[in-house]
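The structure appears below as structure tokens.
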Amino acid sequence: MKMQFEHISVLPQEVLDFAPESTASILDCTLGGGGHSRRLLEKFPQATLAGIDRDALAVEAAAGCLQAYTARTKLNQASFSELQDVFNNLSEPLFDYVLADIGLSSEQLARPERGFSFMQEGPLDMRMDPDRQQTTAAHLLNTASEHELIQILRNYGEERFARKIVAKILAVRQVKPFESTRDLADLVSSVIPRRLQKKGFNPATKTFQALRIAVNNELQELTELLAQIPIRMKQGGRLAVISFHSLEDRIVKQQFRKWENPCVCPTDLPYCICGEKSLGRVLTRRPVNASTKEVADNPRSRSAHLRVFAFEKTDL
């Protein structure tokens, strides 16, 4: 078993470049190994940083990475839905810059015992917080109904072969319960016709993504984060979100647009009567992607999409 926590932060320069010039308070909602936080604290030597991650190993690794900045940092293990408790402990702070790097870390994928990767043999776990979460991917596969599994694969994985994959899962689990990542990856590969399998794209990718999202309640957690952030921003503060798949990116894009233009009046009215006020503006009309060089150095960054919102109205 690996002892060190290794994670390569994606879009590191872009994250720095979008921070407001006068940044004095930072919230890193996904510490990972602390890479983004360290760079931000280096750039803003007077700034303080609050950091959270739902993965205890990530918080521990970040504490080591940020050891030189202990006086300026406060780190907590928490999910997005627990942010209010964190804010309460920090005396309801306001932030200049909030960062959320959504999804899996390279470290989580690299640890077979976490069960996130279809490339390595391991238990079907997929919990980001195994100490506090009860439901594993194996539990879902072995106990969920046909309808529930189909909905998970369709809604969270956008898997076109969801029904066929679930039918095979139901047949197999009657003989032997699912326990390993390899069992599931091999099953999915056997169901999807080879002629329809994309070159360089593992056929189990969407199924693993769907189960991981379901196990960790990821889309609901992201929605909760976006609901809580506006009232925690200073005037001129910015929120930067990095996502890795279309479901998350769509949620972020739609929320940013709503913040910028919340008016719900009929288009034929000459002026707004709904009273909804814009919170600011979207700084990234299209997502910012990794450079060719970064993708070559860190292939995982290929899927990264960065969107940034600038808050100019805080009278919520």
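The table for this structure:
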read-out	value
Qualifying residue in the range 136-150 (condition: free of Cβ contacts under 8 Å to residues at least 40 places away in the same chain, touching a strand residue (DSSP E or B) at 6+ places or on another chain (Cβ under 9 Å) and in a helix (DSSP H, G or I))	no
Residue identified as assigned by TED's automatic domain parsing to the domain that holds residue 18, among the acidic types (Asp, Glu), surrounded by fewer than 22 Cβ atoms within 10 Å (Cβ to Cβ) and under 18 Å from residue 24 (Cα atoms) among 82, 60, 92	92
Criterion (without any contact (Cβ under 8 Å) to a residue 24 or more places away in the chain, more than 23 Å from residue 20 (Cβ to Cβ) and buried (at least 16 other Cβ atoms within 10 Å of the Cβ)) met by exactly one of 264, 295	295
Boolean, residue 113 is in a helix (DSSP H, G or I) and not small (Gly, Ala, Ser)	yes
Residue in the range 300-307 that is surrounded by fewer than 12 Cβ atoms within 10 Å (Cβ to Cβ) and either out of contact with any helix residue (DSSP H, G or I) (no Cβ under 6 Å at 6 or more places or on another chain) or not hydrophobic (A, V, I, L, M, F, W, C) (or both) present	no
Count - residues of the range 42-56 that are crowded, with 22+ Cβ neighbours inside 10 Å and either in a helix (DSSP H, G or I) or under 16 Å from the mean Cα position of the chain (by Cα) (or both)	5
Residue, nearest to the chain's Cα centre (by Cα), within the range 209-240, restricted to residues that are among the acidic types (Asp, Glu) and surrounded by fewer than 21 Cβ atoms within 10 Å (Cβ to Cβ)	221
Residue among 301, 246, 278, 291 that alone is touching a Leu at 6+ places or on another chain (Cβ under 8 Å) and on the phi < 0 side of the Ramachandran plot	301
Single match in 206, 258 (criterion: charged (D, E, K, R), crowded, with 16+ Cβ neighbours inside 10 Å and assigned to a helix (DSSP H, G or I))	206
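The values are calculated or read from the model by the stated rules, or taken from the named source; none is laboratory data. As the structure is a computational prediction, the values presented were derived from the model and not from experiment. Cβ sites come from the backbone with ideal geometry, for glycine too, and all protein chains shown count toward neighbours.
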